[in-house]
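Step one of this worksheet: look at the structure below.
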Amino acid sequence: MNRDAADLHRAFTDACNDHDPAAIRRLLDPRVTAWRPGHGVARGVDAVLDWWIGDFAAFPDLTISSTLVLTQGSSVFSEYEVRGTWTGPLPSCAVDGDGPGARIVLRASTVEEWRDGRLVASRTYWDHYDLLRQLGVLPAVPA
């Protein structure tokens, strides 16, 4: 079965919402590259999986809810909300220590490139200051 980019994106989002590294692994190309604010570039399946495994540990109730998905050929642009409760270290954001139980609601967007049923590139954008502010790591914006 030939899956289109939108279907592959949905499968990836479902795997993330299920906190299922094995399902995520099956959707990653061996040469995958990914970029996130505050993280830099991850190259290869293991590096990308390390990000997700760290996210699942830091936010055991993490969920992703798409608000917009646009496709053109093998490219996907998605806009979504990430929700979760911070319960532990978040090494991928260089935040150490135990999480204070802060709830986050983060708006983000991602541009994905799919080839032969696998994710080959992902670039994710969010307001990193807002994330760190919601975690209590940085002060709130003055009124």
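Couple of notes before you dig in:
- Checking the stretch 111-129 against the condition returns a match, with at least one residue being surrounded by 15 or more Cβ atoms within 10 Å (Cβ to Cβ) and assigned to a helix (DSSP H, G or I).
- Looking across the stretch 54-70 at every residue that is under 18 Å from THR110 (Cα atoms) and either outside any strand (DSSP E or B) or out of contact with any strand residue (DSSP E or B) (no Cβ under 8 Å at 6 or more places or on another chain) (or both), the one that is modelled with the highest pLDDT is identified as LEU62.
- Output for the stretch 15-33, where each listed residue is within 18 Å of SER66 (Cβ to Cβ) and in contact (Cβ under 8 Å) with a residue 40 or more places away in the chain: CYS16, ASN17, HIS19, LEU27
- Against the list (1) part of a loop (DSSP other than H, G, I, E, B); (2) in contact with a strand residue (DSSP E or B) (Cβ under 9 Å, 6 or more places away or on another chain); (3) at pLDDT below 95, the condition TRP51 fails is (1).
- Breaking point among (1) part of a loop (DSSP other than H, G, I, E, B); (2) in contact (Cβ under 8 Å) with a residue 60 or more places away in the chain; (3) over 13 Å from the mean Cα position of the chain (by Cα), for PRO139: (2)
The values are calculated or read from the model by the stated rules, or taken from the named source; none is laboratory data. Here the structure is a predicted model, which is why all the values come from computation and not from measurement. Glycine gets a Cβ as well: all are built from the backbone with ideal geometry, and neighbour counts include every protein chain shown.
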